[in-house]
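This report concerns only the one structure given below.
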Amino acid sequence: MAKLLKKPVIFYAQGVGPINRSFSKLLMRLIGNKVDLITLRDEDSRQFLYEIGVTRPPLLVTADPVFSLEPGAADENKVDHLLTKLGVADKPLVGVAVRKWQALEGYQERLAKLLDDLASGGYQIIFIPMAYPDDMGESRRVAKLMREKSHVLDSNLKSQEHLALIARLDLMIAMRLHALIFAASRGVPFAGISYDPKVDAFLKLFDLRPLAQDYAGMKAEVNKLLEDVNIQDDISRRAVEMRSKSEQNARLALGLIKRGNG
């Protein structure tokens, strides 16, 4: 409809796929080749569009818009209050962001055992429902499987508040993609539990693989992240690059609007 009305159209910082049905691929090819610009979060998305025949508009790999977000003073203050209320403001913290996903059923027990190990080692475990209240049930389910004490954050945070909170963590373990992106943008080590190709594609940007499904593999990978003294600097360096690419999305979109109104 926008093209019929001669309005410029951009696919803005998208992660694409999976698209499995032939008819769905046909629709994507027909529509994708009619838009003016496509920016993408990762190389896998660009390659996928190219393979299904989207070739006419420029396909530019940039970064997720979240990398451009910054928490404000009010966001920091709210997080300070939350952590103080939980009694963990001055403790080492591990954040956990899970969601219900039938195909991964059974991971909960192994993750709970891993979190017990971390709690026994002095870390405070905080479950962060990125999609509130949808993720509360799964968060509480994993927490109840733990022997050690943990905290389930029963609060509907804004994106900037999530950023401020995740910046205080020593490690993020997450299924939710944006929990991983928030951690990366703050230079916080992260381990991703894969439920969707978009998680795998993001991890690949940081030379990481999805967290192992078995307990021993989980533990080894998480311990490596916590013990690697250089990983925080490496994540921070890459996040700066991502932030610059993220800002490119806005510049390209504004340029398209100006040309359309010219």
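The values are calculated or read from the model by the stated rules, or taken from the named source; none is laboratory data. Computed from a predicted structure; not experimentally measured. All Cβ positions, glycine included, derive from the backbone under ideal geometry; neighbour counts span all protein chains shown.
Some notes on this structure:
- Test: residue in the range 207-222 that is touching a Lys or Arg at 6+ places or on another chain (Cβ under 9 Å), among the β-branched types (Val, Ile, Thr) and in the same structural domain as GLY106 (by TED's automatic domain parsing): no
- Failed condition for ASP200, given (1) acidic (Asp, Glu); (2) under 18 Å from ALA103 (Cα atoms); (3) part of a loop (DSSP other than H, G, I, E, B): (3)
- Selected residue (only one of ALA250, ALA184, ALA212, ALA179 is touching a helix residue (DSSP H, G or I) at 6+ places or on another chain (Cβ under 6 Å) and under 20 Å from VAL66 (Cα atoms)): ALA184
- Taken together, SER159, SER236, SER246, SER155 contain a single residue that is touching a residue at least 60 places away in the same chain (Cβ under 8 Å), surrounded by fewer than 17 Cβ atoms within 10 Å (Cβ to Cβ) and either among the aliphatic types (A, V, I, L, M) or over 26 Å from ALA119 (Cβ atoms) (or both), which is SER159.
- Strands (runs of 3 or more DSSP E) wholly inside the range 96-196 that include at least 3 residues being not aromatic (Phe, Trp, Tyr): 124-127, 171-174
- Single condition THR84 does not satisfy, out of (1) more than 29 Å from MET218 (Cα to Cα); (2) crowded, with 19+ Cβ neighbours inside 10 Å; (3) not acidic (Asp, Glu): (2)
- Checked against (1) part of a loop (DSSP other than H, G, I, E, B); (2) in contact (Cβ under 8 Å) with a residue 24 or more places away in the chain; (3) over 30 Å from ALA74 (Cα atoms), ALA212 passes all but a single condition, namely (2).
Listed here are the residues, each with its yes/no results for (1) more than 30 Å from MET28 (Cβ to Cβ); (2) at pLDDT 95 or above.
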| site | (1), (2) |
| --- | --- |
| PRO65 | no, no |
| GLU76 | yes, yes |
| ARG99 | no, yes |
| LYS113 | yes, yes |
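- Filtered residues of the range 223-233 (kept if surrounded by 16 or more Cβ atoms within 10 Å (Cβ to Cβ) and either modelled with pLDDT of 90 or more or outside the structural domain of LEU163 (by TED's automatic domain parsing) (or both)): LEU225, LEU226
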